[in-house]
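Trainee: This is the structure I want to talk about, given as structure tokens.
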Amino acid sequence: MAEKTGNTGYKWFEIISWLWRMSRGNRTQAVLNAALGLFGVVVSLGSVWAVQRAIDIAAGARHGDLYMAVALMAGLILCDFAINIGRVWIKNILGIKAQNRMQRSMLNRLLRAEWSGRERFHSGDVINRLEQDVASVVTFVTETIPNTVSVLAMFIGAFIYLMRMDTVLAFITVGILPVFILASRIYVNRMRRYTRLVRTSDSNVQSILQETVQHRMLIKTLECGGMMLVHLDDKHAELRSHVRKRTVFSVYSNLILNTGFSLGYIIAFLWSAVRLYNHTLTFGAMTAFLQLVYRIQGPARDITKLAPAFVSVFTAAERLMELEDIPAETQGDDVKLSGKCGVRLSGVSYKYRDGKRMIIDNLSFDFKPGSCTAILGETGAGKTTLVRMILSLIHPQAGRAEIYSESGDVAVLSPLTRCNFVYVPQGNTLLSGTIRDNLSLGNSTATDDEMRDALKRACADFVLNLPDGLDTVAAEAGGGLSEGQAQRIAIARALLRNRAILLFDEATSALDPDTERRLLKNILSETDKTVIFITHRPAVVEYCDSVLTVEETKSE
């Protein structure tokens, strides 16, 4: 049986397979990095030979032109400069494109995932994964793996070069490596656990920071800033504790590793010094010996560093794979019905995951084409859940929910039928940007005239009197606008979508009675639309021709 990694249930080969899949589209960068690395190995080993040759010429141990020997060294140094410039260019230009590409892919996957209503991951944690974990994976795929190729090439090349000069010294230099290879399994397992704890704690800190900034006004008015800071301090302390444990283990491991490498270098120095003393080795050859030992131990150090690199990327990959494991919604072509449409619910029931009661229990109702219905009920009775079911954000666990047209077309409600609906959720749902940007979310091809008309119908024509009009900038969550103004702009955005069924979830709660009446008249003037209101407002009920009262079910 394949070994599981950590507590996530992912097996090694599953993670490696996922990383290979993620490398698609980034392999050009990986190949370029590997090619530059191999060229760098040739230049580095060539520099060893050039330095040895120049020293021996200067010492009289070899015949040749000293100036040409130095010129060759200078040429190799310039080649090394060019390689480093190329690596920087690839990292900064292609690297950011690779990271952007993967972030976009992961975000697209999240947008296509099912919405559960009780999300498994905090939004701050998700953002942390999309930023730091994506960066870790991209760096590993495009830099770490290609660099490993050049590291191995440098190790093998330097070893062969040294072995041709002194076989005994070559094997003494690499003799310590098997010990570290045997110890790597213990190192990886422990470091993997510490890294996972650090990444989880870091996500918790970001979640608190995000919520505190997002709800700053609430925290100020409740005067609970001190409480939030204490909460943050607790999470910071937890993060520091995990980082300290990981650091202590890493320092201890590196101390043992560096002691071994230092011992190997001292042995190599003593060996070459004795040969130089006995006149069996030139000064240039001794210099080459020491450079080659360094070029063997340097890659060997880098190879041992692959263990923490693998730990880091495996942890990051697992965290991203967890996001991908969220079930995806039904994919395919939109199922758009023509003409007037209605929604029919037949004995539908729904209970949230781990819920203690049925939120909706055996409900049947027909929202007929062209009708206007008010959904009433106490808080927690399931009104919003019902709208989510109509929008196929959730699905009935029993019964049948379908959309139908007057012409007789019928389709079971699914994400593919969402194209028939317009939805205005409760609260302020404007995004940061201009009012034009927000309206474009309803219809990306809408003209300025169409936007102005939608604003007038939504009683939001005050926008046209603002100094910048449609180009007025709203801060995050509609900052700079009143709740009523933001609500009317959100309604205008929905009207631009122009679909058969309109769903309003307490969408007029921030409006004064006169504005609410004018808005309702404008919306209901189009008799080809089916309108559904979730509301507590008596004025809204007066304009509806049917009422659905949802009652809270009893706990099981």
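The values are calculated or read from the model by the stated rules, or taken from the named source; none is laboratory data. No experiment lies behind these values; they were computed from the predicted model shown. All Cβ positions, even for glycine, are placed from backbone atoms using ideal geometry, and neighbour counts span all protein chains on display. Calculation scope for accessible area: heavy atoms of the full protein, side chains included, ligands and nucleic acids excluded. Shrake-Rupley method; radii C 1.70, N 1.55, O 1.52, S 1.80 Å.
Trainee: Name the one entry in Ile96, Ile85, Ile77 that is under 17 Å from Asn147 (Cβ atoms), in a helix (DSSP H, G or I) and of a type outside the set (Lys, Arg). Quick ask: steps written out before the conclusion?
Mentor: Values: Ile96 fails: under 17 Å from Asn147 (Cβ atoms); Ile77 fails: under 17 Å from Asn147 (Cβ atoms).
Within the list Ile96, Ile85, Ile77, the selection yields Ile85.
Trainee: Name the residues in region 158-203 that are among the polar types (S, T, N, Q), open to solvent by less than 50 Å² (accessible area, probe 1.4 Å) and modelled with pLDDT of 75 or more, would you? Step through it out loud before you land on a result.
Mentor: Residues of region 158-203 among the polar types (S, T, N, Q): 167, 173, 184, 189, 195, 200-201, 203.
Adding the requirement that they be open to solvent by less than 50 Å² (accessible area, probe 1.4 Å) leaves 173, 184, 195, 201, 203.
Scanning region 158-203 gives Thr195, Ser201, Ser203.
Trainee: Would you mention how many residues in region 523-539 are among the polar types (S, T, N, Q) and out of contact with any Leu (no Cβ under 9 Å at 6 or more places or on another chain)?
Mentor: Residues that pass the stated criteria total 2.
Trainee: For region 349-373, enumerate the residues that are out of contact with any helix residue (DSSP H, G or I) (no Cβ under 7 Å at 6 or more places or on another chain), among the aliphatic types (A, V, I, L, M) and either in a strand (DSSP E or B) or within 12 Å of Ile501 (Cβ to Cβ) (or both). Give the derivation first.
Mentor: In the first step, residues of region 349-373 are kept if they are out of contact with any helix residue (DSSP H, G or I) (no Cβ under 7 Å at 6 or more places or on another chain); the result is 349, 351-358, 361-371, 373.
If we keep only those that are among the aliphatic types (A, V, I, L, M) as well, we get 358, 363.
Residue satisfying the conditions is Leu363 alone.
Yes/no matrix, rows are residues, columns are (1) surrounded by fewer than 16 Cβ atoms within 10 Å (Cβ to Cβ); (2) at pLDDT 85 or above; (3) within 40 Å of the chain's Cα centre (by Cα):
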{"position": "Ser44", "(1), (2), (3)": "no, no, yes"}
{"position": "Val48", "(1), (2), (3)": "no, no, no"}
{"position": "Ile57", "(1), (2), (3)": "no, yes, no"}
{"position": "Ala74", "(1), (2), (3)": "yes, yes, no"}
{"position": "Arg104", "(1), (2), (3)": "yes, yes, yes"}
{"position": "Glu114", "(1), (2), (3)": "yes, no, yes"}
{"position": "Arg118", "(1), (2), (3)": "yes, no, yes"}
{"position": "His122", "(1), (2), (3)": "no, no, yes"}
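Trainee: Please give the number of the condition Glu402 fails out of (1) open to solvent by less than 50 Å² (accessible area, probe 1.4 Å); (2) in contact with a helix residue (DSSP H, G or I) (Cβ under 8 Å, 6 or more places away or on another chain); (3) charged (D, E, K, R).
Mentor: Answer for Glu402: the failing condition is (2).
Trainee: Follow-up. Of all residues in region 405-445, which are assigned to a loop (DSSP other than H, G, I, E, B), of a type outside the set (S, T, N, Q) and either open to solvent by 20 Å² or more (accessible area, probe 1.4 Å) or at pLDDT below 90 (or both)?
Mentor: Of region 405-445, the ones assigned to a loop (DSSP other than H, G, I, E, B) are 406-409, 413-414, 425-432, 441-445.
From the residues that got through so far, the ones that are of a type outside the set (S, T, N, Q) too are 406, 408-409, 413, 425, 427, 430-431, 441-442.
Those that are assigned to a loop (DSSP other than H, G, I, E, B), of a type outside the set (S, T, N, Q) and either open to solvent by 20 Å² or more (accessible area, probe 1.4 Å) or at pLDDT below 90 (or both): Glu406, Gly408, Asp409, Pro425, Gly427, Leu430, Leu431, Leu441, Gly442.
Trainee: Determine which single condition Ala510 fails, assuming it passes every other condition in (1) assigned to a loop (DSSP other than H, G, I, E, B); (2) surrounded by fewer than 18 Cβ atoms within 10 Å (Cβ to Cβ).
Mentor: The one condition Ala510 does not meet is (2).
Trainee: Which residues, taken from region 397-427, are under 16 Å from Leu345 (Cβ atoms) and either touching a residue at least 60 places away in the same chain (Cβ under 8 Å) or small (Gly, Ala, Ser) (or both)?
Mentor: Taking region 397-427 as the starting set, the residues that turn out to be under 16 Å from Leu345 (Cβ atoms) are 397-404, 410-414, 417, 420-421.
Residues satisfying the conditions are Ala398, Gly399, Ala401, Ile403, Tyr404, Ala411, Leu413, Ser414, Thr417, Asn420, Phe421.
Trainee: Can you tell me which of (1) free of Cβ contacts under 8 Å to residues at least 40 places away in the same chain; (2) within 30 Å of Gly380 (Cα to Cα); (3) in a loop (DSSP other than H, G, I, E, B) is the one Glu516 doesn't meet?
Mentor: (3)
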